[in-house]
């Protein structure tokens, strides 16, 4: 029975970051509820996975550092407020050293997203895209924002197998 609970909790993180990415791409918003759900699920997941106290401290430190970094990026208008909160909530789950990998993967995914959006918004491709669904057409708008939640989710999903959560889950 405990393995079923552990498996269910191991799915919470990927499901929520995927939901955040989908919502951001289609509406340019990440609901606070998704970041709050990540925060709320962290403690029970850590308890069930049996993470030691020093590991929990590292998770909290990485999450706090990511929150500060997210607030700086938000203040510089590089990302939105929902992106900053998602970035910090995901970092809380990833801990150390997966948090560093998460930051690198997110940066690379953000660069790929920027290149993709520049292509989508180019004069040669945009006329074909605007005939599609409204959310795709909005992505092709030249002055529209970047749904950075997608890059955050890609970075988080790629780093998650390296996290202490997945290592603890694999040990059962």
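Computed from the coordinates by the stated procedures, all read-outs in this text should not be read as laboratory data. These numbers were taken from a predicted model, which means no experiment stands behind them. Note: ideal-geometry Cβ built from the backbone for every residue, glycine included; neighbour counts use all protein chains shown.
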At a 10 Å Cβ-Cβ cut-off, how would you order 34, 115, fewest neighbours first? 115, 34
Can you tell me the orientation of helix 32-49 relative to the chain, as the angle in degrees between its alpha-carbon axis and the longest Cα principal axis, to the nearest 10? 30 degrees
Could you grab the relative contact order for the chain? Cα pairs under 8 Å, six or more apart, rounded to a whole percent. 32 percent
Any idea what diffusion coefficient region 77-140 gets from Stokes-Einstein, in µm²/s, Kirkwood Rh on alpha carbon pairs, 25 °C, 0.890 mPa s? 179 µm²/s
Fewest-first ranking of 77, 138, using other Cβ atoms within 10 Å as the exposure measure: 77, 138
Bounding extents of region 24-68 in its principal axis frame from Cα atoms, largest first in Å, are 39, 24, 13
Provide 49, 71 in ascending order of the number of other Cβ atoms located within 10 Å of each residue's Cβ, fewest first. 71, 49
How far is helix 53-75 tilted off the main Cα axis of the chain, in degrees rounded to 10, range 0 to 90? 20 degrees
When the scattering of region 2-169 is computed by the Debye formula from its Cα atoms alone, each counted once and equally, what is log10 I(q)/I(0) at q = 0.09, 0.10 Å⁻¹? -0.32, -0.39
Longest principal axis of the chain (C-alpha) makes with the long axis of helix 2-27 (C-alpha) an angle, in degrees to the nearest 10, of 20 degrees
For region 54-112, compute Rh as the Kirkwood radius over C-alpha pairs and then the Stokes-Einstein diffusion coefficient at 37 °C and 0.692 mPa s; write the answer in µm²/s, rounded to an integer. 290 µm²/s
Helix-only mean residue ellipticity at 222 nm for the chain, each DSSP H run of n ≥ 4 adding -39500 (n - 2.57), per residue, nearest 500: -25000 deg cm²/dmol
